[in-house]
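Taking it in order: structure first as structure tokens, then the write-up.
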Amino acid sequence: MANATGAPQHGLATPSAWVVRWADRVPAGGRVLDLACGNGRHACYFAGRGHPVEAVDRDAAKLAPLAGTPGIRTRNADLETGPWPYEGQQFAGIVVANYLHRPLFPHLLAALGPEGVLIYETFAAGNERYGRPANPAHLLEPGELLDRVIGRLRVIAYEDLFVADPRPAMIQRICAVNLPLESRG
């Protein structure tokens, strides 16, 4: 089965509206990293748009249905205890949804190619009122996504808000483009 863009769905959940909204910013045909990809909803979406995709997750069972999907290369890796699996590689787009491991931010910024786009969306402080995650280690502090990219990326859009759909949650999300070296402060 495929969605409206032709992306194979494998019966997976619909891509995040935030990711879909900013997907056109990723340079056409550029390689995309779907970090902590889970069931691969964003990997499938970008592969369907003609991007070669690296889908990485620590759960091999979640990656298994993606094996053999045209345009998607899967990698089973523990991003929190293992080495960064993409050392020296660059991507035209990096997508992160519903995942936070702060020590990865320097790796993500280093892996973003020239004019590359970071599309990030995850839970924020205050989410504990609505359920999981509730651990502060897994919740962004106010303005944290902005703080992580200021001086490195040009922010296209940023939100820190309550959402009711697909379930009540506090989230932060950002779309930001890699600046040329001479533009960094």
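Before moving on, here are some points about what is shown:
- In this simple spin-label approximation, residue 146 and residue 84 carry label points 7 Å from Cα along the Cα→Cβ vector, and these lie 2.6 nm apart.
- Segment 131-185, Rg to Rh (Cα coordinates; Rh as Kirkwood inverse mean 1/r): 1.08
- Net length available on complete extension from residue 67 to residue 134 is 20.9 nm, with 0.36 nm assigned per residue and the Cα-Cα distance removed.
- Segments 111-118, 144-151 sorted - mean Cβ within 10 Å per residue, highest first: 111-118, 144-151
- Where the alpha-carbon atoms of segment 79-152 are placed on the principal axes, they occupy 39, 27, 16 Å, in descending order.
- The modelled label-to-label distance between residue 98 and residue 163, using points 7 Å beyond Cα along the C-beta direction, is 1.0 nm.
- Protection-proxy order for peptides 42-49, 100-107, each taking the mean of Cβ atoms within 10 Å per residue, highest first: 42-49, 100-107
- Among 55-62, 163-170, the order from most to least packed when residues are scored by Cβ within 10 Å on average: 55-62, 163-170
- Near the amide H of residue 91, within less than 5 Å, lie the amide hydrogens of 112, 113, all on another chain or at least 5 residues away, with H placed in the peptide plane.
- Using the 1.4 Å probe convention, the accessible area of the chain works out to 47 Å² per residue with neighbouring protein chains retained.
- Estimated D of the chain in µm² per second, where Rh is the Kirkwood radius over Cα pairs and Stokes-Einstein applies at 20 °C, 1.002 mPa s: 129 µm²/s
- The relative contact order of the chain, computed from alpha carbon pairs under 8 Å that lie at least 6 residues apart in sequence, is 17 percent.
The values are calculated or read from the model by the stated rules, or taken from the named source; none is laboratory data. Predicted model, so just to flag it, every value in this text is computed and none were measured. Note that we place each Cβ from the backbone using ideal geometry, even for glycine, and neighbour counts take in every protein chain shown. The accessibility values were calculated without ligands, DNA or RNA, using every heavy atom of the protein model including side chains. Shrake-Rupley method; radii C 1.70, N 1.55, O 1.52, S 1.80 Å.
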